[in-house]
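Comments concern the structure below.
The values are calculated or read from the model by the stated rules, or taken from the named source; none is laboratory data. These numbers were taken from a predicted model, which means no experiment stands behind them. Don't worry about glycine lacking a Cβ; one is built from the backbone with ideal geometry, like all the others, and counts go over all protein chains shown.
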Amino acid sequence: MEDKVRVVIAEDSVLLREGLTRLLTDRGHEVVAGVGDGEALVKTVADLAASGSLPDVVVADVRMPPTHTDEGVRAAIALREAHADLGVLVLSQYVEEQYATELLAGSSSGVGYLLKDRVAEVREFVDAVVRVADGGTALDPEVVAQLLGRSRKQDVLAALTPREREVLGLMAEGRTNSAIAQQLVVSHGAVEKHVSNIFMKLGLSQSDADHRRVLAVLTYLNS
């Protein structure tokens, strides 16, 4: 059982919203509110914050009423800016690079972008919600692949070796060092060395105020 987190769900499909609620509550988490549009999401979180009960994370569909274009992601970005400690995880039917980039830009708290198909993988979805609530990242591998293709053209990552880029890509998906070691079939110590080199090459010095792993991922994705 993961640590209990408090969640607000924003999804205009009642069936999907109830399904997400069931997935999370069955794993011991608390869904404190469920809403169907971006305006209601912003208001609900503001009311909870005013009462001293800000949720740990918001799970929001990218597209919601009234126009079903970008209401959800706009609400998510606004909430991230208004509440520094609030984790934000958005769900999308397809990879929409512009929305992913805007969500990630300047983020200092937990952030995630998953395709809706990933919800069917219950354990991975719930783990992603918990990870974002704890200040980490949870990015769909397809999102990482698209942004990686763009970032390869930039100079900021030029100092990284191909293996270090591979490790950073897996970090962006939210994988732990142990999981990366298993994926790449290398030792845990080798992964730690790669991660240390990545921090050094990206100029991320040790600091109690910053989460270097998240900063490294955001540097990678925003490049």
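For the range 107-130, name all the residues that are part of a loop (DSSP other than H, G, I, E, B) and in contact (Cβ under 8 Å) with a residue 12 or more places away in the chain.
Once the filter is applied, which keeps residues that are part of a loop (DSSP other than H, G, I, E, B) and in contact (Cβ under 8 Å) with a residue 12 or more places away in the chain, the range 107-130 yields Ser107, Ser108, Ser109, Gly110.
Any chance the range 78-94 includes a residue that's touching a residue at least 60 places away in the same chain (Cβ under 8 Å) and among the small types (Gly, Ala, Ser)?
No.
Return the residue satisfying two criteria in turn: it lies in the range 131-154 and is more than 12 Å from Gly174 (Cβ to Cβ) and assigned to a loop (DSSP other than H, G, I, E, B), and of such residues it is modelled with the highest pLDDT.
Going through the qualifying residues, I end up with Gln154.
Are any of the residues in the range 67-76 in the same structural domain as Ser13 (by TED's automatic domain parsing), surrounded by 22 or more Cβ atoms within 10 Å (Cβ to Cβ), within 14 Å of Leu20 (Cβ to Cβ) and at pLDDT 85 or above?
yes
Please identify the pairs in which a residue from the range 1-20 that is outside the structural domain of Pro55 (by TED's automatic domain parsing) and at positive phi has its Cβ atom under 7 Å from the Cβ atom of a residue that is of a type in the set (A, V, I, L, M, F, W, C) and surrounded by 14 or more Cβ atoms within 10 Å (Cβ to Cβ), counting only partners at least 6 apart or on another chain.
Partner pairs satisfying both residue conditions: none exist.
Considering each residue of the range 1-54, count those that are in a strand (DSSP E or B), under 19 Å from Val90 (Cβ atoms) and either of a type outside the set (A, V, I, L, M) or out of contact with any helix residue (DSSP H, G or I) (no Cβ under 8 Å at 6 or more places or on another chain) (or both), and give that number.
Result for the range 1-54: 2.
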